[in-house]
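Single-structure report; data block below.
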Amino acid sequence: MAVTKITNLEFGKMVQAAADKLGKNAEFINSLNVFPVPDGDTGTNMTSSMASGAKYERNETSKKVGDLSAALAKGLLMGARGNSGVILSQIFRGFAKATEGMDVLSAADFVNAYANGAKTAYKAVMKPTEGTILTVVRESAQEGLNKIKETDDLIEIMHAIYEASEKALKKTPDLLPVLKEVGVVDSGGQGLVFVLQAFDEALSGRVDKSEDYKPDNAEIDEMVHAMDHQSVQGKLNPEDIKYTYCTQMLVRIGKGKQVTQKFDYDTFYNYLAELGDSLLVLNDDQVVRVHVHTEHPGKVLSWGQQFGDLQTIEIHNMVWQQEEIMENDEENSAEESPIEKAKAANEAKEDLKTAVIAVASGKGIAKLLKSLGVTHIITGGQTMNPSTQDILDAINNSGAKQAIVLPNNGNIFMTADQAADVADIPTKVVHSKTIAQAMSALLEYNPEASLTENQTSMESNLDAVASGAVTNAVRDTTIDGREIKKDDYMGIVDGKIVTTDLNLKEAAIKMVKAMLDEDSEIVTILYGADGDQSTAEEIKAAVEEVDDELDIQIYDGGQPVYPYLISVE
């Protein structure tokens, strides 16, 4: 049966299907990250963005599709994370503009709206790059414009748009050389393909209604944190924690060299239930995700390997974490009472002319940035890109008359720019890609200068520093002609892999040596959650052998993902 119009019912089903589809495929999209580093987050960002859009759409009481698409666009805008999330929000912003005031959408209305979304997305990107999500949206939109000349059946049209998106996605490696070298398609483009596939399935009624609902990754994380990691932990005695290790893993079912069992949910679940509590086991046909509190994380991982290889692993010592939480609470309470803190915060707000807001992860890094003039920290960065709403809230709630935002990550630029555009107070973004660049930019900050003057002077200092990061490879790949093996440690300087080594310390030393030149004066080493002071001192000693006149500073950054962040200026 042909479908010639989209009512509020069809539109709602399409949007929810897209949110569910992205959630179920977030980890796969993340795996398409060009660099084999443990911070691929395109899938997570697009999932969170679409989930926000779907929530706004569900909460809209109007039955006009034009109003529903406007709500979707608003939700995507406020929930947008990362460049992929922002571009997705722009696609549906253009869609909403073209459907404004419409009760229902005809086939032509839908096609024209989607085409307008493609145009809006291109305009939102300063330097559009082919071989990305932009190629996928443009070519699939063009197919819609072609198909509407043949039929007004939306099922046929949507299927043609979806198939065109798949073809465009397959071409992305031919348009972007780095994708071909690494052997992946564009991750953002893949995310959009999943959205269009969901639209196609929802319109044609091919969504499997019998399938149990599985929460997306963002919802799983919310459940985990809600159950086990709330701030009330500060009142919990570490000795009362029954199981020490919070263990999480993602298993690719049927993949790997140690597979000995065919996956059966009950068998898999029942064994893990004997090892601990707070157990969550969620799966589809390809992967199973596990969260459990246990005394035997090794047994959990070994069990998982019998069913497939381990894609991601996280193990946290909750007793240790709890001891740190209590120590911090004691230190904070000893410093000043909550009433004194609130009074001081209100007084500071009243006097604050300019809020300097930075995105950062790690207590040490936050403390360091505040010592350089940052007034507000948004927790985030790699793997935790803040949303437009997160940044907007920080700006509007700062109590300042104006604001400067330091994203400290290229994938947060578009989100920060969007927040600045809709903020209640004048706001400028200093486009820092790294913590090192932020530190360098802050040296040029002048509280008495205008916003524009500060933005200009701070951005002029971004290139005065070289930013290095050391982390491990999560898969085998070849990039920039360099062969990289899984678990190798990589030294990445300003977005380019410059060295690899099986040893973490040696990788860091090689990287720093590659960063030095005759003008180098200062080296700053920030060791993270997976680094340590003693190894940082050894790195320092090795660098001093190259140039003993260098001023080498070491700080406990506490950052995740990267054991060592090292800058040279």
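The values are calculated or read from the model by the stated rules, or taken from the named source; none is laboratory data. Predicted, not measured: the structure shown is a model, and the values here were computed from it. Please note: Cβ atoms are built from the backbone with ideal geometry, for glycine as well, and neighbour counts cover all protein chains shown.
Of note:
- Out of 441, 464, 507, sole residue that is small (Gly, Ala, Ser), surrounded by fewer than 20 Cβ atoms within 10 Å (Cβ to Cβ) and either in the same structural domain as residue 556 (by TED's automatic domain parsing) or out of contact with any Gly (no Cβ under 9 Å at 6 or more places or on another chain) (or both): 464
- Pair list, Cβ under 9 Å, 6 or more apart: segment 187-202 residue over 19 Å from residue 13 (Cβ atoms) and surrounded by 24 or more Cβ atoms within 10 Å (Cβ to Cβ), other residue aromatic (Phe, Trp, Tyr) and modelled with pLDDT under 95: 190/28
- Members of segment 356-367 found to be hydrophobic (A, V, I, L, M, F, W, C) and out of contact with any helix residue (DSSP H, G or I) (no Cβ under 7 Å at 6 or more places or on another chain), listed by number: 356, 366
- Test: residue 499 is touching a Lys or Arg at 6+ places or on another chain (Cβ under 6 Å), buried (at least 17 other Cβ atoms within 10 Å of the Cβ) and of a type outside the set (Lys, Arg): yes
- Residue in segment 521-532 that is assigned to a loop (DSSP other than H, G, I, E, B), aromatic (Phe, Trp, Tyr) and crowded, with 19+ Cβ neighbours inside 10 Å present: no
- Residue 443 vs. criteria over 23 Å from residue 510 (Cα atoms) and in contact (Cβ under 8 Å) with a residue 40 or more places away in the chain: yes
- Criterion violated by residue 183 - all others in (1) out of contact with any Gly (no Cβ under 8 Å at 6 or more places or on another chain); (2) at negative phi satisfied: (2)
- Among the candidates 113, 124, 108, the residue that is modelled with pLDDT of 95 or more and crowded, with 18+ Cβ neighbours inside 10 Å is uniquely 113.
- The criterion of being at positive phi and out of contact with any strand residue (DSSP E or B) (no Cβ under 8 Å at 6 or more places or on another chain) does not hold for residue 66.
- Qualifying residue in segment 49-59 (condition: closer than 16 Å to residue 388 by Cα and touching a Phe, Trp or Tyr at 6+ places or on another chain (Cβ under 8 Å)): yes
- Scanning segment 44-81 for residues that are within 24 Å of residue 380 (Cα to Cα), β-branched (Val, Ile, Thr) and either surrounded by fewer than 24 Cβ atoms within 10 Å (Cβ to Cβ) or modelled with pLDDT of 90 or more (or both) yields one hit, 47.
- Whether a residue is outside any helix (DSSP H, G or I) and free of Cβ contacts under 8 Å to residues at least 12 places away in the same chain was assessed, and residue 126 passes this test.
- Considering 179, 192, 196, 175, the condition of being within 22 Å of the chain's Cα centre (by Cα), at pLDDT below 95 and closer than 23 Å to residue 131 by Cβ is satisfied by 179 alone.
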